[in-house]
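Below is one structure, written out as structure tokens; the observations come after it.
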Amino acid sequence: MYRLLLTLETPAENLALDEALLDEAEAAGPDMECLRLWESPQPMVVLGRSSRLDGEVDRTACAARGVPILRRASGGAAIVAGPGCLMYAVVLSCERQPELRGIPHAHAYVLERLATALRVHVPTAQHAGTSDLAMADKRGGVLQKFSGNSLRIKRTHLLYHGTLLYDFDLSLASECLRAPPRQPAYRAARDHAEFITNLPLARTSLEECVLAAWPTAGELNDWPRTHVEQLVAERYGQDEWNLAFG
């Protein structure tokens with residue numbers, strides 16, 4: 001597995017790069033797998049591939065805060081990210097691990113590995129709901145979410161990517177996002193302010209945990225620049241894509 005520690009200049013380019021890495025792996029064959037880590041230098045809202053914009057996002061609040069709204073290639077509900085939210089993406093070969101083709105198995109496979117690595121510092125870190133990572137609150141009982149995740153499966157490879165909150169302005173979730181249309185039982189109808197939290201880790205320690213979960217053999221130096229540009233021009237930079245399904 002290769003590693004790519006790279007944040008591009010714009011939200012559109014960063015979202016396009018995750019998809020471009022998946023497409024590159026599809027073309028390269030089963031030996032191509034990679035881990036990417038990045039962090040948006042500005043707040044942004046990212047819709048799931050089929051998210052209903054007005055049902056999940058407060059457009060007025062986003063406009064007032066200057067928060068752009070984009071749409072990713074994977075499923076799930078809208079998220080808000082930015083400084084203090086480490087983003088990760090793993091591209092995995094389904095030919096090497098056929099169980100990844102089953103969506104519940106894919107969620108469990110990735111999230112259990114991450115939770116295991118994080119438990120070195122956060123003993124209560126665990127896979128919760130369908131595709132969350134959570135930990136016990138300071139009282140040690142109620143689970144709070146620190147990571148939301150989604151996936152996209154193609155013919156030979158899977159893209160699994162998500163958020164890891166560690167020093168994030170949590171108020172952005174309450175301001176920019178509406179209550180999600182689907183909620184895991186452990187959320188217990190809590191609003192964003194009560195439900196989400198930051199990991200008690202510095203970014204360097206968090207990166208070390210993710211790299212421990214996904215050991216890599218070297219840097220991916222030749223990332224797909226041209227394909228990123230194409231995806232931005234065709235979709236990620238276009239309102240027709242980002243603001244569809246209003």
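The values are calculated or read from the model by the stated rules, or taken from the named source; none is laboratory data. Since the structure is predicted, the reported quantities are computational estimates derived from the model, not experimental observations. Please note: Cβ atoms are built from the backbone with ideal geometry, for glycine as well, and neighbour counts cover all protein chains shown.
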Tally of residues being touching a helix residue (DSSP H, G or I) at 6+ places or on another chain (Cβ under 6 Å), in a helix (DSSP H, G or I), closer than 25 Å to GLY48 by Cβ and not aromatic (Phe, Trp, Tyr) across segment 170-212: 7
Any pair with Cβ under 9 angstrom, 6 or more apart, that starts in segment 219-246 at a residue that is surrounded by fewer than 12 Cβ atoms within 10 Å (Cβ to Cβ) and ends at one that is part of a strand (DSSP E or B): ASN221/TYR2; ASN221/LEU4
Residue in segment 98-111 that is in a loop (DSSP other than H, G, I, E, B), in contact with an Asp or Glu (Cβ under 6 Å, 6 or more places away or on another chain) and not polar (S, T, N, Q) present: no
For PRO215: the one exception among (1) free of Cβ contacts under 8 Å to residues at least 40 places away in the same chain; (2) not in a strand (DSSP E or B): (1)
Scan of segment 97-115 for residues that are over 18 Å from the mean Cα position of the chain (by Cα) and touching a residue at least 24 places away in the same chain (Cβ under 8 Å), ordered by number: ARG101
Qualifying residues in segment 179-190 (those that are among the charged types (D, E, K, R) and surrounded by 12 or more Cβ atoms within 10 Å (Cβ to Cβ)) - the one farthest from the chain's Cα centre (by Cα): ARG190
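Here's the yes/no breakdown for (1) at pLDDT below 95; (2) surrounded by fewer than 20 Cβ atoms within 10 Å (Cβ to Cβ):
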{"residue": "GLU99", "(1), (2)": "yes, yes"}
{"residue": "GLY102", "(1), (2)": "yes, yes"}
{"residue": "THR116", "(1), (2)": "no, yes"}
{"residue": "ARG119", "(1), (2)": "no, yes"}
{"residue": "THR130", "(1), (2)": "no, yes"}
{"residue": "ALA134", "(1), (2)": "no, no"}
{"residue": "LEU151", "(1), (2)": "no, no"}
{"residue": "LEU158", "(1), (2)": "no, no"}
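Residue-wise test of (1) touching a Pro at 6+ places or on another chain (Cβ under 8 Å); (2) among the hydrophobic types (A, V, I, L, M, F, W, C); (3) closer than 27 Å to ALA117 by Cβ.
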{"position": "LEU165", "(1), (2), (3)": "no, yes, yes"}
{"position": "LEU199", "(1), (2), (3)": "no, yes, yes"}
{"position": "VAL210", "(1), (2), (3)": "no, yes, yes"}
{"position": "PRO215", "(1), (2), (3)": "no, no, yes"}
{"position": "ARG225", "(1), (2), (3)": "no, no, no"}
Subset of segment 150-169 [under 17 Å from LEU15 (Cβ atoms) and assigned to a loop (DSSP other than H, G, I, E, B)]: LYS154
Pairs where the first residue, in segment 188-200, is within 22 Å of VAL122 (Cα to Cα) and the second is of a type in the set (Phe, Trp, Tyr) and in a loop (DSSP other than H, G, I, E, B), C-beta under 8 Å, 6+ apart: ASN198/TYR166; ASN198/PHE168; LEU199/TYR166
Pair list, Cβ < 7 Å and 6+ apart or interchain, from segment 26-44 residues that are without any contact (Cβ under 8 Å) to a residue 40 or more places away in the chain to residues that are assigned to a strand (DSSP E or B): MET44/LEU70; MET44/ALA81
